[in-house]
1. If you check PRO186, PRO174, which single one turns out to be crowded, with 18+ Cβ neighbours inside 10 Å and either assigned to a helix (DSSP H, G or I) or in contact with a Ser or Thr (Cβ under 6 Å, 6 or more places away or on another chain) (or both)?
2. Please determine whether any residue of region 225-239 is more than 25 Å from SER279 (Cα to Cα), part of a helix (DSSP H, G or I), touching a helix residue (DSSP H, G or I) at 6+ places or on another chain (Cβ under 9 Å) and not hydroxyl-bearing (Ser, Thr, Tyr).
3. Any residue in region 143-150 that is surrounded by fewer than 19 Cβ atoms within 10 Å (Cβ to Cβ) and within 20 Å of the chain's Cα centre (by Cα)?
4. Out of contact with any Cys (no Cβ under 9 Å at 6 or more places or on another chain), part of a helix (DSSP H, G or I), closer than 21 Å to ALA46 by Cα and without any contact (Cβ under 8 Å) to a residue 40 or more places away in the chain: does that describe MET220?
5. Restricting attention to region 150-194, which residues are farther than 28 Å from ASN241 by Cα and touching a residue at least 24 places away in the same chain (Cβ under 8 Å)?
6. Taking the options LEU70, LEU38, LEU48, name whichever one is touching a residue at least 12 places away in the same chain (Cβ under 8 Å), crowded, with 18+ Cβ neighbours inside 10 Å, within 24 Å of LEU93 (Cβ to Cβ) and not acidic (Asp, Glu).
7. If we scan region 196-203, do we find a residue that is part of a helix (DSSP H, G or I) and either on the phi > 0 side of the Ramachandran plot or at pLDDT 80 or above (or both)?
8. What are the pairs with Cβ atoms under 8 angstrom where one residue, in region 77-91, is surrounded by 23 or more Cβ atoms within 10 Å (Cβ to Cβ) and the other, located anywhere, is not in a helix (DSSP H, G or I)? Sequence gap at least six, or different chains.
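The values are calculated or read from the model by the stated rules, or taken from the named source; none is laboratory data. As the structure is a prediction and not an experimental result, all values here were calculated from the model. Cβ sites come from the backbone with ideal geometry, for glycine too, and all protein chains shown count toward neighbours.
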Amino acid sequence: MKALISTKVLSAVFAAFFFSAAATAASSFYAVGGGVFLLLCIRYIATLSVATAFDKPSIKQKTKSTHVRLIIISILQAVFVASYMYSITLIPLSLAVVVIYTFPIFTFFANSIIRSRSIDALSALALFVSLFGIWLMVQGDTTDWDIWGIFWGLVASVAQASVNILSRHEGVKPGWGFVKYIMVLPATVFALVYFVNTAEPLASVTTSMIMWSLISAVGMSGGFYFYFHSIAKIGPVRTSNVMFLEPVFTIMMGIALLHNVLGLTQWLGILVIILATSSLEFWGKKYS
């Protein structure tokens with residue numbers, strides 16, 4: 001139990017909470033008429049601004065290979081966020097979460113292959129059980145199977161798994177400086193895409209859109225900060241495992257803020273995720 005309440009694991013828990021808030025706010029943003037690229041534009045510019053404000057410049061110079069790695073991470077995490085946000089415009093958030101949360105499984109197997117480890121059957125089973133728990137939670141809200149929504153959800157999953165693996169490197173130092181660095185390129189691209197493709201880019205924005213997109217941006221900022229700290233401390237596999245708590249937090253936010261009522265199956269799904277995540281933490285420390 002000691003490992004579950006350690007600061008290292010709490011970084012991943014905080015990341016799950018903040019990312020959950022970002023996704024929940026994004027759904028509300030779409031509900032008031034906002035579009036994907038406006039959301040991405042505001043989220044990335046806001047996160048870049050926050051990271052710049054809190055960043056303490058490092059004296060240590062980055063090597064060319066480190067710069068290349070950071071640029072690749074920047075592109076992949078932008079693909080993850082963009083695909084995730086687009087996916088939830090096509091399918092319900094709960095269904096998108098089921099598809100996207102295959103990334104811990106991809107991360108587990110990819111990490112094992114890269115490190116030439118034998119596959120730990122119990123750890124793999126715990127990950128699949130966690131995914132089953134998510135499926136249980138969202139029963140009743142997964143009827144709209146838009147194939148493109150599923151496709152972009154899988155693209156997001158693969159991109160996130162790649163970010164997880166690439167981020168565990170001595171040249172990748174977590175913190176606001178790292179968050180700032182990986183925000184610059186996507187913030188520029190998404191801003192250009194939005195302003196070039198929108199007839200009235202400023203006049204079409206409402207107060208509600210700004211409010212929900214900024215709340216989503218706060219979630220993304222906190223999520224990235226704690227997420228990369230977690231990868232540096234406990235590794236991509238354990239971080240991905242704890243991130244299964246994100247859909248649990250999303251459901252809980254629905255109860256607290258929207259007065260949603262859960263059925264027995266959903267409560268069972270939450271219990272399954274917590275038990276599977278806790279179990280993997282007990283025997284999965286070798287993946288740190």
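1. PRO186
2. Step one: filter region 225-239 for residues more than 25 Å from SER279 (Cα to Cα), giving 225.
After this cut, where a residue has to be part of a helix (DSSP H, G or I) as well, the list is 225.
Next cut, touching a helix residue (DSSP H, G or I) at 6+ places or on another chain (Cβ under 9 Å) only: 225.
Still in the running and not hydroxyl-bearing (Ser, Thr, Tyr): none.
No: zero hits.
3. As a first pass, look at region 143-150 and keep what is surrounded by fewer than 19 Cβ atoms within 10 Å (Cβ to Cβ): 143-148, 150.
If we keep only those that are within 20 Å of the chain's Cα centre (by Cα) as well, we get 148, 150.
There is at least one residue in region 143-150 that is surrounded by fewer than 19 Cβ atoms within 10 Å (Cβ to Cβ) and within 20 Å of the chain's Cα centre (by Cα).
4. Working: out of contact with any Cys (no Cβ under 9 Å at 6 or more places or on another chain): yes; part of a helix (DSSP H, G or I): yes; closer than 21 Å to ALA46 by Cα: yes; without any contact (Cβ under 8 Å) to a residue 40 or more places away in the chain: no.
Answer is no for this residue.
5. Pass one, region 150-194, residues farther than 28 Å from ASN241 by Cα: 184-185, 187-194.
Answer for region 150-194, where residues must be farther than 28 Å from ASN241 by Cα and touching a residue at least 24 places away in the same chain (Cβ under 8 Å): VAL184, LEU185, ALA187, VAL189, PHE190, ALA191, VAL193, TYR194.
6. On the way: LEU70 fails: within 24 Å of LEU93 (Cβ to Cβ); LEU48 fails: within 24 Å of LEU93 (Cβ to Cβ).
Exactly one of LEU70, LEU38, LEU48 is touching a residue at least 12 places away in the same chain (Cβ under 8 Å), crowded, with 18+ Cβ neighbours inside 10 Å, within 24 Å of LEU93 (Cβ to Cβ) and not acidic (Asp, Glu), namely LEU38.
7. Of region 196-203, the ones part of a helix (DSSP H, G or I) are 196-197.
Then drop every residue that is not either on the phi > 0 side of the Ramachandran plot or at pLDDT 80 or above (or both), which leaves 196-197.
Within region 196-203, one or more residues are part of a helix (DSSP H, G or I) and either on the phi > 0 side of the Ramachandran plot or at pLDDT 80 or above (or both).
8. The qualifying pairs are ILE91/ASP144; ILE91/TRP145; ILE91/ASP146.
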